[in-house]
Amino acid sequence: MTQRYTLTAISLHWLMAVLLFGIFPLGIYMHDLPLSPAKLQLYSYHKWIGVTVFMLVLLRLLWRATHKPPPLPFGMPRWQEWASGAVHALLYLLMLVVPVSGWLMSSAKGFKTVWFGIVALPDLVAKDKALGEWLGEVHEVLSFTLALLIVLHVAAALKHHFLERDDVLRRMLPWGDFK
Amino acid sequence: MNGLRCLLVAGLLCAVTPVSALEFNQVQTDESRLAFAYEQMSVPMDGRFSKFKAQLAFDPARLAKASARIEVDVASIDTGSTEADAEVVGKAWFDAKRFPSVSFVSSAIRALGGNRYEASGKLSIKGKTRDVVTPVTFQPSGNKGIFEGSFTIRRLDYAIGEGIWADVSAVADEVKIKFRIVVYAAPAKK
């Protein structure tokens, strides 16, 4: 009697998971590379994925606002309900803020963001070296915070599945029956 | 009365004649600008050279005698990012140690009508010389004149970016050179 998320919500969730698991190590790896065409390419891919994540999060929020997620299991402690809500809110917030901080950093460093080499995003801040470096640190700190929250998110899902043996993880799994 | 008028006319002529023979030849580098534009992974980038010397002689009435020689200090490059500034003076790019300057020497300038001209000349970068042609506008006001124009070169014609950097999908081959040269006039030497 598992009450599942909608197929759309599940698809968006796992697509986002794949993108985030790709973009985070990519960001760390490319940062320390010596300048080369490969580095320029990797930066572009990182930026393209980042803009994609941002767009998908907007889509997810829209979906979430119009589709009620399945309820949490009965008898869950109040603090866990609260923690779950807080972590999810923070995940959404950071999935929006991290790409935006990267985009602003890029502008401040004098590099436009051109999504897939086609759609040029406007520069919301002018080129400014100090601002660029500051935004770079903001982007880094927020990215690591997001990564930490994802670890927490995954750990909680596994705890529900293997220790509490409830359906919290199962209702988001891409396989199973859709009603 | 008549004599006075004659003198007046003569005086006016004297005052007017040198003006038409004004030769613009005092380049003001701090008012001038030498910039370039290129694409990196389809992202438009702007750069410039902050140090250059220019010798120029231009009298719109005597185009055949016009000449320009511009010498650019390669190390003064600003590519738009500090990481790239350090990279492009290296061997694969400008090899600034062996080739510290880029030069343009005009060979001819012809009028295209109005304030538009076309200058041709030789552009030498990294030991390679190519013919280039560029449209130029000339905007005189009093004893100040402004040349403006832009033309496109292919960086690989000059081996700017060798080895891995010859990949034009990362850094485009076409580089647009944009110039604005401010020059003041001094009376032409006879």
Scan region A:72-79 and tell me whether some residue there is over 27 Å from A:Pro122 (Cα atoms) and surrounded by 15 or more Cβ atoms within 10 Å (Cβ to Cβ).
yes
Return the pair list, or none, for Cβ contacts closer than 6 Å from residues in region A:23-36 that are in contact (Cβ under 8 Å) with a residue 40 or more places away in the chain to residues that are assigned to a helix (DSSP H, G or I), at least 6 apart or on different chains.
A:Phe24/A:Ala147; A:Gly27/A:His46
Exclusive hit being part of a helix (DSSP H, G or I) and at pLDDT 95 or above, set B:Ala37, B:Ala75
B:Ala75
For region A:93-110, enumerate the residues that are farther than 14 Å from A:His31 by Cβ and within 14 Å of another protein chain (Cβ to nearest Cβ).
A:Trp103, A:Ser107, A:Ala108, A:Gly110
Can you run down the residue pairs with Cβ atoms below 8 Å, 6 or more apart or on separate chains, where the first is in region A:62-82 and under 20 Å from A:Asp167 (Cβ atoms) and the partner is exposed (fewer than 12 other Cβ atoms within 10 Å of the Cβ)?
A:Pro70/A:Gln3; A:Pro71/A:Gln3
Subset of region B:113-146 that is part of a strand (DSSP E or B) and among the basic types (Lys, Arg) - its residue that is nearest to B:Ala96 (Cα to Cα)
B:Lys128
For region B:43-63, what are the residues that are polar (S, T, N, Q) and touching a helix residue (DSSP H, G or I) at 6+ places or on another chain (Cβ under 8 Å)?
B:Ser50
Given the criterion surrounded by fewer than 19 Cβ atoms within 10 Å (Cβ to Cβ) and not small (Gly, Ala, Ser), identify the matching residue among B:Phe151, B:Phe138.
B:Phe151
In region A:1-56, anything of a type in the set (Phe, Trp, Tyr) and at pLDDT 95 or above is listed as A:Trp14, A:Phe21, A:Phe24, A:Tyr29, A:Tyr43, A:Tyr45, A:Trp48, A:Phe54
Would you be able to tell me the number of residues in region B:45-75 that are surrounded by fewer than 15 Cβ atoms within 10 Å (Cβ to Cβ) and either within 14 Å of another protein chain (Cβ to nearest Cβ) or over 18 Å from B:Ser101 (Cα atoms) (or both)?
5
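The values are calculated or read from the model by the stated rules, or taken from the named source; none is laboratory data. Values in this document were obtained by computation on a predicted structure and should not be read as measured data. Glycine also receives a Cβ, built like all others from the backbone with ideal geometry; neighbour counts cover every protein chain displayed.
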